[in-house]
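**Student:** I'd like to ask you about the structure that follows.
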Amino acid sequence: MSAPLVVVSGPSGVGKSTVVAEALRADPRLWLSVSATTRAPRPGEANGQHYFFVSDGEFDRMVDAGELLEWAEYAGHRYGTPGAEVSRQRTAGRPVILEIEVQGARQVRDAVPDAVLVFIEPPSMGVLEDRLTSRGTESDAARARRLEVARRELAEAEFFDHRVVNDDVATCARSLLALVDSSSP
Ligand code: 5GP
């Protein structure tokens, strides 16, 4: 039996990446999948480490070749999970974490029935708005678009196997690790 596939999703700005980074630090067995995206790198992001930054043409090729376990369009760009490495890591016994948005999580549910879907929730909508507007890496228009998407994403919470409120990063990461452990063979 292969190691668990845990999908971590939730609205933009909820702190998914901080929680996942804390979980990875606490448990080095975990493997975080690196997604392909058509968006441009932000300052400090490295190709192959944060994302594989690809052209539209290359993304099309990956979709056509069936290389992506799931993919979705988000805020005007495409994001997808290369599937082969996910399978390799699971077979090698490493629990795999996907940190993706909700449309992708739905596709993983269909493609991988034993995947564990975790939804990270903000303590409140106000906290989420503050986090989205203080990030400071995007234009007002881009932030407004993400807030609108975040509202729609919050409505998807009930579709997930587990919901964890991120009012404290360490506590939230511990809850995530407990879910990984309880899904391990
Ligand atoms: P960002 O541009 O802020 O890095 O990511 C935007 C959103 O895309 C986030 O919610 C992030 O979790 C999601 N995302 C990142 N990689 C993937 C992926 O491979 N598939 C899907 N469906 N969403 C992704």
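The values are calculated or read from the model by the stated rules, or taken from the named source; none is laboratory data. Everything quoted here is computed from the prediction, not taken from an experiment. Reconstructed Cβ throughout: ideal geometry from the backbone, glycine too, with neighbour counts over all protein chains shown.
**Student:** Filter the range 52-96 down to the residues that are touching a residue at least 24 places away in the same chain (Cβ under 8 Å), assigned to a strand (DSSP E or B), in contact with a strand residue (DSSP E or B) (Cβ under 7 Å, 6 or more places away or on another chain) and not polar (S, T, N, Q) and list them by number.
**Tutor:** F52, L68, L69, E70, W71, A72, H77, R78, Y79, G80, P82, V96, listed by residue number.
**Student:** Looking only at the range 1-34, count every residue that is crowded, with 21+ Cβ neighbours inside 10 Å, closer than 17 Å to G93 by Cα and either within 12 Å of the ligand (Cβ to nearest atom) or of a type in the set (F, W, Y) (or both) and tell me the total.
**Tutor:** Number of matching residues: 1.
**Student:** Just name the residue that is modelled with the lowest pLDDT out of those in the range 92-114 that are of a type in the set (A, V, I, L, M) and within 13 Å of the ligand (Cβ to nearest atom). Quick ask: steps written out before the conclusion?
**Tutor:** In the first step, residues of the range 92-114 are kept if they are of a type in the set (A, V, I, L, M); the result is 92, 96-98, 100, 102, 105, 108, 111-112.
Now drop any that are not within 13 Å of the ligand (Cβ to nearest atom), which leaves 96-98, 100, 102, 105, 108, 111.
Numbers: V96: 98, I97: 98, L98: 98, I100: 97, V102: 93, A105: 97, V108: 98, A111: 96.
Here the residue is V102.
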